[in-house]
Structures are given as C-alpha cells and as structure tokens.
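A.B. asks: Okay, here's the structure, questions in a sec.
The values are calculated or read from the model by the stated rules, or taken from the named source; none is laboratory data. Note that the structure is a prediction, hence the values are computed from the model and not measured. When we count neighbours, we look across all protein chains shown, and the Cβ atoms used for this are built from the backbone with ideal geometry, even at glycine. When the accessible area is computed, the model is the full protein with side chains, heavy atoms only, and any ligands, DNA or RNA have been set aside. Shrake-Rupley method; radii C 1.70, N 1.55, O 1.52, S 1.80 Å.
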Amino acid sequence: MSDAGPLVLIIDDEAPMRRFLRVALVAQGYRTVEAGGVAEGLRRAVEHNPDLFLLDLGLPDGDGLELTRQLREWSKAPIIVISARGQEADKVRVLDCGADDYLTKPFSMGELMARIRVALRHAARWSPRSEPVITFGEVQIDLSSRTVSRGGRALRLTPHEYKLLTTLAGHAGKVLTHRQLLLAVWGPGHVEQTHYLRVYMAQLRQKIEDEPARPRWLVTELGVGYRLRGDGDAP
Amino acid sequence: MSLRAASPWYPGDLTMVIEARWRRAVAGYAAAIAAVGALTALGVIISGAVEPADVIMIYLLGVVAIAARFGRGPAAAAAVLSVASFDFFLVPPFFTLAFEDARYAITFTVMLGVGLATATLMDRLRATAEAARSREAQTATLLSLSRELALLRSSPAILACAERHIAATLNHPVTLTAEPNVAGAGALSLRVPGGPADEIEAPALRGSLEAMVGITAVALQSAAMAEEAQQSELRARTEELRGSLLSSVSHDLRTPLASITGAASVLLQGSASVDEQTQRELLQMIHEEAARLERLVRNLLEMTRLSAGAVRVHKEWVPIEEPIGSALARAEGRLRERPLTVAIAEGMPLVPLDVLLFEQLLLNLLENACRYTPEGAPIELRAATAANQAILEIADRGPGAPPGPREALFERFTRGRVGGGGVGLGLAICRAIAIAHGGAITAEDRPGGGMIFRVTLPLADAPPLPRSEEGA
C-alpha cells in the first residue's frame, strides 16, 4: 500500500496501547489518527473522516455504545471494538448497535490485521455479495441453485440451516451476534430464542465440519455470536 | 387503637384503622321482622285448627332460629315482636294490643321471658362454638405462619408473608409496615383500612393478631441478625483471601516481570554481542512470560470475583460442544503438539450452563493437563449423561498428582508440583464454577497412569425445541 493507505482512527485512553496499535498499523501501510476519549474521538472523526475505527470499550469519559450510535448517524466506516474478557454483554450491545466486529485483549497482530482486512472488505462492497458461488474449505454454496456441497457431495440442509449458513457466509470473517442471526433466519418473533440458534448451529456443524467439537469454519464467539472463518482470514 | 407487639426487639405500635361494620347488624333485625311476620301469617292460617299455645311454640322456634343465626339483639327484638304480633293478630279482640282475658297477661309475660332467655342462651352457645372454631383456625394460622417465616431471610418477604396470613385470618386486606430505628429496634404497624371493628375488638382475635405480629417481629429480628453475621463472615473471608493472595502471589508476579524487564533491557542496549538468534529467543521469552502473567492475573481476578460472590451465573441451554470447541480454540497454542481426542456421547441433550464460566473451567482443566504432563502426552475429553446429570471428563497420561487426598487439589494455593508455573488457583476456580452451577468436580487416579478430572452438572427439562423441518 502507498502512503494513501486506509486511515484508521484509534480511540483508546491507554497511551501504550495506542502506541502498539499505531506502530503495528503503520508497519502494515495504514495511516493512523489517535484520540484518548469519547469527546476527542468524535472531534477527530469529524475532522478526518477515517476509513475505520478502533474503539476501546473502557473509555473513562463516556460510553462506547453512545459513541457508536453517534458515529453511525453519519459514517458507514467499519467500527472494530477492543474489549477485555468479561465485557461480553457490552460487546453484544455495541455490535447490535452498529459496530462491525470486536477483538478481545490480549490479541495478536495477526488477529488485528485479519479483522481489519475483513471489515474493510465488507465496507467496500456496497451491494450484497453478487457472485453466485461461495467457497470455503471443501464446502461450496451455490446461491443460484440453493445447493450446498462438501467435497463434491451434495449436502441435505433444512431451510433454516441453509439460511443460517448463507447469512454467515454473506458476512464471512465477521462476527454476527445471536440477535442478528435470529433476526435474519427466524425473524423478529424469535430474537430471544438463543437455544434454537445453538441447536441449528450444532446440526450445521455436524454436516459441515470434520470435527464438530473443534470447528474450523463455524467458529463460536462465546457469549456474543458466531463467525464463519473465511479462506485466508485465519489469524 | 394500638396494640403492643410481643417482642423485645420490635416494641412497636400495632395501629389499626377500622371502620365499624353495621351492615350485618341491620341484616339481623330485618330477618327478625321478616321471620315474625311470616310466623304470624302461618299462625293466622292455622289458628282455627290448633290451640293458641301451639302458635306460641311456633313463635319461640322462630326466636331460637334468629338467636342461633344473628345473636342476642335481633333475637330479643324477635321475642318482643312475637308477643306483640300474637296479641295483635291472634288474641281477641283482634287488631288491637288490648286483650279481654286477664290470663293472657301471664301468657305474654311467660312468652316474653322464655323468648329472651332462649335468645341469651342461644347467643352464648353460638359465641362459644364460634370462639372454639376461631381459636382452632388461629392456632393453625399461627403455626403455618411461623413455619413459613422460618424459611424466609429477607424483611420484605417476611412482611409480605405475615400480611398474607393476617389478611386471611381477618378475611380483609391489611398492610404491615416495619419502621426500623436505632439499634435494630423498630416499630411494626398493622393497618386494616375499613376492617370489621367488632371482630377485631373481640379478645380472642385481638390476642391472635398480637401473637402474629409478635412472631413476625421475631422473624424480622433474626433475619437482620443472620444477615449481619453473613456480612461479617464474608468480610473475614475476603480478608483471609487477600492475605494469602499477597503472600503467595507476590513471588509469582515478580518472576515473569523480572524476566521481561531483563530481556527487554538487553535488547534495548543493542549490544553487538547479542546475535540475531539470541535476540529472537529473548523476544520469544518476553512474549511467553507476558502470556503467563496474563493467565495469572486473569485467574486471580476470576478467583477474587468468584469468592466475593460477585459472579452471577447466567445459565443458558447450550450444546456441550460449544464451550468445548471454544475452550479448545483458546488453548490451541498450548495444545498444538498434543494428541487430543474429543468424544461426545451420541444424543447428548442441551445442558443448562453459563457458557463463559464453563469455558473458563474447561480452559483451566486443559491448561492444568498441559502443565503437569510431559509434552506429547495424550489428553482425552469425554462428555456423556448419566442419572440426569451431564458428565464431562478430562483424562491425561501424566505422572498423576502427589499422594494425598484428592479433594485437597481443589484448595486455593495448592500446587500439584513445585515448578509447575501456576499459583494454585486454576483448580480452585474450577471447583467454584462447578459449585456455582449446582454441580461438582472430582479428581481421581486413572487406571494405567494419569489423572481424570470429572465435572458433573445437573440436567433439567430442556426447553421446547423448534419443530423439525423437512430437508431442503
């Protein structure tokens, strides 16, 4: 990437964390702007109109949720939330509110870069995935004929399993919350029925994964949702 | 009106706001008039066929019935009315209170006397029977109240329970409020808006109310004391934990920090004597030691949260594969060189568990297995159900734990072996999480060498699942 690489706004109150992120991002060809809190973050966002936000959830001067809401009023740039373990409920709220993905501290460079790549790729695509065939590993989803095959053999999926798989595949590499998936597959009447989703996910893994208890593609984001790991998105 | 509650700790006022109830008395007098009217009509019809003395008997029967049903006042009224009606309608000259035969003076006096005496006797009988019945009911109420109160620990629950019982006794809604003041004492007040005054004034019921309020006061006091005892025990345990944490942890925190600082300072000097391979080794060490510190701090925080009771178990219906898969993914770095088999029983039902806490439990067991067994030693993970319990086992082929009781492994700051690199919190956390789920964790020696850690969790009726669909 040239010196016109994507601009990332880092909103984190911890200076060492900001420094680590800046060094890591600049080394990969990104440009960075930094802010130490909610108010400064909003100001910098308006000034620079960044291509991506890295937002720490534990900011001292305000709520990451509120900031996400305000950013979403005018910016479509992806927001990746950085949080500590144990903040799952906050993460889910921010994701349901318009954030795109999250990273749990401590994370590696590889994970950070993979998340940023996925987020930017999804942001660049204005319309839903247009190519009729999605492939990951041995699995192939043909959207035009509504068929799924694994290693060349056709798989029998129920309508809900198919919907679940295609929803995840349409956002490959990106986390989808339980609520988002329930809404997409079962509709607004079932957003609290998390165990439906879990049961269907287990069935889908039985059909798609070599070792369902150690899934390679349909990854659980515990307490948050699920993610389909796209080809090349592995950290 | 106020009642004194029979409790040394709650010497409160029992206040009752009552509106006298007239309706019932009015109904009694109306019934007396109606009964006398009806009997008079009957008397007029049959007077040709029977002696006047028989008609008097019919009147007396009416007085007895009114006395039995409505008490003394209406019965006395019925007696007087009977005499008057008898004279007016059935004794010549008719339709006047005058009478010709002087013998009727005696008849009327006797009739009035017998009527009034019957009224008094019946009323007394009725009162005695009613008192016996209500005493029995009150004793039963008191018993069930004290039994229920013995199970309750919070003041609002105790007050609500007492309110329910008192309301049932009075057959009228009541409010019971406690206003605590200094030194644990307080006032209990009972309000009965628009309640039946005559009944509450009755000594038997009043005594029973006092007893109920007294029992409630004692229950409130013991709940307050129990809460205080629990608080101070929690404080003491937190203190104890803090003390042992400091002494045990300071060493474990300092060691990795010293390695990191040392390695970083060497790298910063950029001395020519440090070749590229050594630099890489130092960086690797910094990375590993920092990861170790992270695990340590995470375990410390988790243990502190668990033992302070700050953790709320948020159970959800989950396929057991899900937390297992997630824990295996998180432990991937440490498991990379390990032969690992996962066996989940066919048809395993959904298990009610807190996914995040349970993942932590699994992760600690896996890290434990990695830490205390030689590299390359296999690890097995099994899940099954038996006797309405979910059973999860992690078995290794390591050297096993040193001799001694196996439960001791789960105590805080107990290390399987010196030099393992942990603080001895991992298994204590596992036990706390298992207990928080209403389950248990045990360790035993594995036949043929190694250890088996077994977690059991209670199963319950699973929630309704979506209807199965036709294949697409």
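A.B. asks: Test A:THR147 against the criterion of being surrounded by fewer than 17 Cβ atoms within 10 Å (Cβ to Cβ), over 16 Å from the mean Cα position of the chain (by Cα) and either within 14 Å of another protein chain (Cβ to nearest Cβ) or under 21 Å from A:TYR102 (Cα atoms) (or both), and give yes or no.
C.D. replies: It is true that A:THR147 is surrounded by fewer than 17 Cβ atoms within 10 Å (Cβ to Cβ), over 16 Å from the mean Cα position of the chain (by Cα) and either within 14 Å of another protein chain (Cβ to nearest Cβ) or under 21 Å from A:TYR102 (Cα atoms) (or both).
A.B. asks: Further, regarding this structure: Could you tell me whether any residue of region B:325-341 is part of a loop (DSSP other than H, G, I, E, B), within 19 Å of B:ILE433 (Cβ to Cβ) and within 30 Å of the chain's Cα centre (by Cα)?
C.D. replies: No: region B:325-341 contains no residue that is part of a loop (DSSP other than H, G, I, E, B), within 19 Å of B:ILE433 (Cβ to Cβ) and within 30 Å of the chain's Cα centre (by Cα).
A.B. asks: Looking at A:GLU111 and the list (1) part of a loop (DSSP other than H, G, I, E, B); (2) under 30 Å from B:GLU316 (Cα atoms); (3) more than 11 Å from chain B (Cβ to nearest Cβ), which single condition is not satisfied?
C.D. replies: Going through the list (1) part of a loop (DSSP other than H, G, I, E, B); (2) under 30 Å from B:GLU316 (Cα atoms); (3) more than 11 Å from chain B (Cβ to nearest Cβ), A:GLU111 breaks only (1).
A.B. asks: Looking at region B:325-342 only, could you name the residues that are within 11 Å of chain A (Cβ to nearest Cβ) and open to solvent by 50 Å² or more (accessible area, probe 1.4 Å)?
C.D. replies: Of everything in region B:325-342, those that are within 11 Å of chain A (Cβ to nearest Cβ) and open to solvent by 50 Å² or more (accessible area, probe 1.4 Å) turn out to be B:ALA329, B:ARG330, B:GLU332, B:GLY333, B:THR341.
A.B. asks: Checking the conditions here, which among A:ARG205, A:ARG179, A:ARG216 is free of Cβ contacts under 8 Å to residues at least 40 places away in the same chain and farther than 23 Å from A:ALA124 by Cβ?
C.D. replies: Residue meeting the stated conditions: A:ARG205.
A.B. asks: What's the number of the only condition in (1) within 16 Å of B:ALA223 (Cβ to Cβ); (2) buried (at least 18 other Cβ atoms within 10 Å of the Cβ); (3) modelled with pLDDT under 80 that B:ILE158 fails to meet?
C.D. replies: (3)
A.B. asks: Here are the criteria: (1) in contact with a helix residue (DSSP H, G or I) (Cβ under 7 Å, 6 or more places away or on another chain); (2) under 25 Å from B:ARG312 (Cβ atoms). Tell me which single one A:GLY58 does not satisfy.
C.D. replies: Failing condition for A:GLY58: (1).
A.B. asks: Another one. What number of residues within region B:3-32 are among the hydrophobic types (A, V, I, L, M, F, W, C), crowded, with 16+ Cβ neighbours inside 10 Å and at pLDDT 60 or above?
C.D. replies: The qualifying residues number 2.
A.B. asks: Moving on. Which of the numbered conditions does B:ALA137 fail, given that it passes all the others? Conditions: (1) outside the structural domain of B:ALA79 (by TED's automatic domain parsing); (2) surrounded by fewer than 17 Cβ atoms within 10 Å (Cβ to Cβ).
C.D. replies: All conditions are met except number (1).
A.B. asks: B:LEU356 fails exactly one of the following numbered conditions: (1) within 13 Å of chain A (Cβ to nearest Cβ); (2) more than 34 Å from the chain's Cα centre (by Cα); (3) open to solvent by 20 Å² or more (accessible area, probe 1.4 Å). What is the number of that condition?
C.D. replies: Among (1) within 13 Å of chain A (Cβ to nearest Cβ); (2) more than 34 Å from the chain's Cα centre (by Cα); (3) open to solvent by 20 Å² or more (accessible area, probe 1.4 Å), the lone unmet condition for B:LEU356 is (2).
A.B. asks: Out of all the residues in region A:32-53, is one or more open to solvent by less than 40 Å² (accessible area, probe 1.4 Å), assigned to a helix (DSSP H, G or I), of a type in the set (Gly, Ala, Ser) and not assigned by TED's automatic domain parsing to the domain that holds A:LEU176?
C.D. replies: Yes, region A:32-53 contains a residue that is open to solvent by less than 40 Å² (accessible area, probe 1.4 Å), assigned to a helix (DSSP H, G or I), of a type in the set (Gly, Ala, Ser) and not assigned by TED's automatic domain parsing to the domain that holds A:LEU176.
A.B. asks: Only one of these conditions is not met by B:MET212: (1) modelled with pLDDT of 80 or more; (2) open to solvent by 50 Å² or more (accessible area, probe 1.4 Å); (3) closer than 30 Å to B:GLY71 by Cβ. Which number is it?
C.D. replies: (2)
A.B. asks: Only one of (1) in a loop (DSSP other than H, G, I, E, B); (2) within 19 Å of A:LEU9 (Cβ to Cβ); (3) touching a Leu at 6+ places or on another chain (Cβ under 9 Å) is not met by A:ILE82, so which one is it?
C.D. replies: It is condition (1) that A:ILE82 fails.
A.B. asks: Do you know which residues across region B:46-90 are within 16 Å of B:GLY115 (Cβ to Cβ), aliphatic (A, V, I, L, M) and outside any helix (DSSP H, G or I)?
C.D. replies: Matches in region B:46-90: none.
A.B. asks: Give, as residue ranges, the strands (runs of 3 or more DSSP E) completely inside region A:170-235 that count at least 1 residues that are surrounded by 20 or more Cβ atoms within 10 Å (Cβ to Cβ) and facing another protein chain (nearest Cβ under 9 Å).
C.D. replies: Counting at least 1 such residues, we get A:218-221.
A.B. asks: Can you pull out the residues in region B:51-81 that are surrounded by fewer than 22 Cβ atoms within 10 Å (Cβ to Cβ) and either polar (S, T, N, Q) or over 20 Å from B:ILE106 (Cα atoms) (or both)?
C.D. replies: If the condition is that a residue be surrounded by fewer than 22 Cβ atoms within 10 Å (Cβ to Cβ) and either polar (S, T, N, Q) or over 20 Å from B:ILE106 (Cα atoms) (or both), then B:VAL64, B:ALA65, B:ALA68, B:ARG69, B:GLY71, B:ARG72, B:GLY73 are the ones that fit.
A.B. asks: Kindly indicate which of B:THR128, B:THR109, B:THR120 is closer than 30 Å to B:ALA168 by Cα and modelled with pLDDT of 85 or more.
C.D. replies: The unique qualifying residue is B:THR128.
A.B. asks: Ok, one more. Being open to solvent by less than 60 Å² (accessible area, probe 1.4 Å) and at pLDDT 90 or above is the filter here, so list the residues in region A:122-144 that pass it.
C.D. replies: Within region A:122-144, A:VAL139, A:ILE141, A:ASP142 meet the criteria.
A.B. asks: A follow-up question, please. Pairs please, first residue from region A:91-115 and without any contact (Cβ under 8 Å) to a residue 24 or more places away in the chain, second anywhere and assigned to a loop (DSSP other than H, G, I, E, B), Cβ atoms under 8 Å, 6+ apart in sequence or on different chains.
C.D. replies: Between residues of region A:91-115 that are without any contact (Cβ under 8 Å) to a residue 24 or more places away in the chain and residues that are assigned to a loop (DSSP other than H, G, I, E, B), the close pairs are A:THR104/A:ALA84; A:THR104/A:ARG85; A:LYS105/A:ALA84; A:LYS105/A:ARG85.
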